[in-house]
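Participant: Here it is: the structure, laid out below.
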Amino acid sequence: MGTPFTDIYDLALIVIEDYRIDNLANADYQSFLTYMRGLLMHGLPDFVGNLQSLDYTSQQETDTQTGETSIVYYFVNTLTSKEQSILAETIVYTWVQRLINDVRTFQPHLSVKEFKQLEIANGIKQRSEYLDKLFEKLHYDITQYQLSDFSKLPFFGG
């Protein structure tokens, strides 16, 4: 078997600090895995120019202690640490996109009298700039990853 998806989740959760995700993991681990898989699946297309296949498969496994069965997802190939790191970055990027697009970020938590419309606009601008920086870092890391092994790039005969 190749690299399990959970290895990628672990790397992403080093950066993501969200009590809602933690609560989900504690309350229903299978739902947590489904949520994280969704973030990874959404981010996979952002990893453009990968040097090996990101095909994946699933397998049903039974926990020997509890007897519960679950579906475990794996990449077909064993991914390098750099590939795993980039995929974790795509999860973080997707998670931040969700936070920015959350309708609650547009609603004031102060009374109308205390609240200024300009504060929401500045907050949205700052979040958007942060998202842009994450995007730039993701693509910088992908470029560095590709440059680390010219021979595998399609243009150079890989």
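Participant: Not counting ligands, DNA or RNA, and with a 1.4 Å probe, what is ILE100's accessible surface area in Å² rounded to the nearest 10?
Facilitator: ILE100 exposes around 30 Å² with every protein chain in place.
Participant: Shifting gears a bit: Tell me the net charge near THR69. Cut-off is 15 Å between Cβ atoms, THR69 excluded, with +1 for each Lys or Arg and -1 for each Asp or Glu. Let's see the in-between values first.
Facilitator: Numbers: positive: none; negative: GLU61, ASP63, GLU68.
Value of the local net charge: -3.
Participant: Also, I was wondering about something else. Rounded, prolate or oblate, given the Cα gyration tensor of the stretch 1-95, with a/c below 1.5 counting as rounded?
Facilitator: Working: a/c = 2.21, a/b = 1.21, b/c = 1.82.
Verdict is oblate for the stretch 1-95.
The values are calculated or read from the model by the stated rules, or taken from the named source; none is laboratory data. Given the structure is predicted, the values throughout are model-derived calculations rather than measurements. Positions of Cβ are generated from backbone atoms using ideal geometry, with glycine treated the same way; all protein chains shown enter the neighbour counts. What goes into the accessible areas is simple: the full protein's heavy atoms, side chains included, and nothing from ligands, DNA or RNA. Shrake-Rupley method; radii C 1.70, N 1.55, O 1.52, S 1.80 Å.
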